[in-house]
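Scroll down for the structure; my scribbles are underneath it.
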Amino acid sequence: MITTHTLSPAAPPRQTSLRHLPVNLFASVMGISGLAGAWHQASEQFGASPRIHAAIGAVAVALFVLLCLAYAAKAVLHPQAVRAEFMHPIAGNFFGTITIATLLISSVVAPVSARASQLLWSIGAALTVALSFTIVSRMLRGKVDAGHSVPAWLIPGVATLDITVAGGTMPMAWARELNLFAMAVGTMVALVFFTMIVSRLIHHHEKLANEMVPSLMILVAPFEVGFLAYTSFFQRVDTFAALLFYFGLFVFLTLVFKVFRRSIPFAAGWWALSFPIAALANAALRYAHHADFLPLTVLALALLAFLSVLIAVLAVRTLQLLASGRLLAPK
């Protein structure tokens, strides 16, 4: 008997292109900048070598410049792709990662150049306010699909709070009022959207798609970033700040086992969870220093260690995606 085997043609390799560079990759700058800030606090509180946070900060700055150049090239070569990404009801919110990254980089470069820090913060603050206004105005037009109420909605609101996180002590005469405005807008937008997102997660029949599950950790951000903004502006840790910290910690503990599961494949979107955890680690270090309570100090150091390992793993996995061509391939 003669049998013939029909060989199915091999799938053609997916062509890589800057067209497919995801804007949410700027979240990597946010996470690494947050890690640099956490190690900076650790150097002041526990005597860790300042070379650690300096090296991490240098990586954050280099990555920020590289991504800005790459995304600018995408905007020039593929403007339709950028427009489609910006107008998307979910992906559009991730443009907030660009403005947050700019604000956080202003803090990273502050020890080297105060003038550069102030310039970056001013640019980041202006872009953040403009983006928040645009996103909220778009939503207020109505007819928004309830299924689009996802954690990424929080990014523009959290971005506004980051104006004060990075610039709470900026010396310009107008900075105080801008910081108050940013805290007011960020607080109310974050709380309203947080309520809508949690309501959707509870009542909506369809679960989040697997690739969106890591973004659940963004629910931690309004409280921990709020803590950092409040303490940065008022230069004190009080009972209200403690309430923000503890509720954010509670949300983190509730979500951690839902997010970190082997069944969820790695993608660039995993970077979305790096900054909320970085904000939690920074807040824990600051609160532990204020409370002077050993269990809190242990918790803060454990979160710093967890964040450091997480950023390292995310970096390695992202480089693997890049080397395989999947990072810039069509999804």
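The table below lists the values:
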| read-out | value |
| --- | --- |
| The chain - percent of accessible surface contributed by carbon and sulfur, probe 1.4 Å | 68 percent |
| Computed accessible area, residue 87, all protein chains, 1.4 angstrom probe, square angstrom | 90 Å² |
| Exposed chymotrypsin sites (Phe, Trp or Tyr not before Pro) absent: longest stretch of the chain, with sites in DSSP loops and at most 11 other Cβ within 10 Å deemed exposed | 1-173 |
| Check: the stretch 17-173 dipole with +1 on Lys, Arg Cβ and -1 on Asp, Glu Cβ, in debye | 360 debye |
| Amide H partners (placed H, <5 Å) of residue 327, local residues excluded | 322 |
| Space enclosed by the convex hull of the alpha-carbon atoms of the stretch 99-158, per residue, Å³ | 57 Å³ |
| Relative pair counts by distance (%), Cα atoms of the chain, 10 Å bins | 6, 26, 35, 23, 7, 2, 1, 1, 0, 0 |
| For the chain, size of Cβ-based charge dipole, Lys and Arg +1, Asp and Glu -1, in debye | 780 debye |
| Cα-based radius of gyration of the stretch 123-230 once divided by 2.2 N^0.38 Å, which approximates compact folds | 1.13 |
| The chain, accessible area per residue, ligands and nucleic acids excluded (1.4 Å, Å²) | 50 Å² |
| Gain on full stretching of the segment that runs from residue 146 to residue 176 - 0.36 nm per residue minus C-alpha separation | 7.1 nm |
| Within straight-line cross-link reach of residue 258, aspartates and glutamates at Cα separation under 17 Å, skipping those fewer than 8 residues along the same chain | 206, 211 |
| Förster-model FRET efficiency, 35 Å R0, residue 70 and residue 259, C-beta, rounded to 0.05 | 0.80 |
| Selection from 97, 220, 275, by position along the positive dipole direction of the chain (Cβ) | 97 |
| Anisotropy class of the stretch 61-173 from Cα gyration tensor, a/c 1.5 cut | oblate |
| Sequence-separation-based contact order of the chain, relative, with Cα cut under 8 Å and 6+ spacing, percent | 23 percent |
| Mean residue ellipticity (222 nm) of the chain, computed from DSSP H runs ≥ 4 via -39,500 (n - 2.57), nearest 500 | -23500 deg cm²/dmol |
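The values are calculated or read from the model by the stated rules, or taken from the named source; none is laboratory data. Given the structure is predicted, the values throughout are model-derived calculations rather than measurements. FYI the Cβ positions are ideal-geometry reconstructions off the backbone, even for glycines, and counts take in every protein chain you see. What goes into the accessible areas is simple: the full protein's heavy atoms, side chains included, and nothing from ligands, DNA or RNA. Shrake-Rupley method; radii C 1.70, N 1.55, O 1.52, S 1.80 Å.
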